[in-house]
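Visitor: Handing you a structure now.
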Amino acid sequence: MNTEVKRILDAVSGSTDRNIFIYDESFLLKSLARRLTKNAIENMSVYLDFVTDNSAEGAEFFLSLHRQGYGSRNHATHLRAILYHQGSGQRHGSGTGDGIFNNQEPRRFRLVQ
């Protein structure tokens, strides 16, 4: 990662008290490019000064990380899916089953003589 980009991300992390380095590097670079475009800034050093002087931009950058991808979807559903797969034990989901529909008697085999 470029040292200038790292300094920008450090400034954003410092202004929001959040660790944004947990995100993928390519995702952070794309998000940074979007913020540069949105603020009509073409140079990384100018954006570094802008983020350092304007703490609201750091907060806006952090919020923009959550607006991308899933938009305004409920992120709790994704967390629920992760927690579901973390557990162990028998699941009541779809599977091969026993071949019997709801309230149906099991098949009886006829013995042919």
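The values are calculated or read from the model by the stated rules, or taken from the named source; none is laboratory data. Remember, it's a predicted structure, so these values are computed and weren't measured experimentally. Every residue, glycine among them, receives a Cβ derived from its backbone with ideal geometry; neighbour counts consider all protein chains shown.
Visitor: Every residue in segment 27-50 that is in a helix (DSSP H, G or I), more than 15 Å from His66 (Cα to Cα) and either out of contact with any helix residue (DSSP H, G or I) (no Cβ under 9 Å at 6 or more places or on another chain) or not charged (D, E, K, R) (or both), please.
Guide: Ala33, Leu36, Thr37, Met44, Ser45, Val46, Tyr47, Leu48, Asp49, Phe50
Visitor: Among the residues of segment 2-26, which ones are out of contact with any Leu (no Cβ under 8 Å at 6 or more places or on another chain) and not in a helix (DSSP H, G or I)?
Guide: Scanning segment 2-26 gives Asn2, Asp17, Arg18, Asn19, Asp24.
Visitor: Here's something else I'd like to know. Scan segment 55-77 for residues that are at pLDDT 85 or above and either among the aromatic types (Phe, Trp, Tyr) or loosely packed, with under 14 Cβ neighbours inside 10 Å (or both) and jot them down.
Guide: Answer for segment 55-77, where residues must be at pLDDT 85 or above and either among the aromatic types (Phe, Trp, Tyr) or loosely packed, with under 14 Cβ neighbours inside 10 Å (or both): Ala56, Phe61, Phe62, Leu63.
Visitor: Let me ask something additional. What are the residues in segment 18-40 that are within 18 Å of Thr3 (Cβ to Cβ), of a type in the set (A, V, I, L, M, F, W, C) and surrounded by 11 or more Cβ atoms within 10 Å (Cβ to Cβ), if any?
Guide: Ile20, Phe21, Leu28, Leu29, Leu32, Leu36
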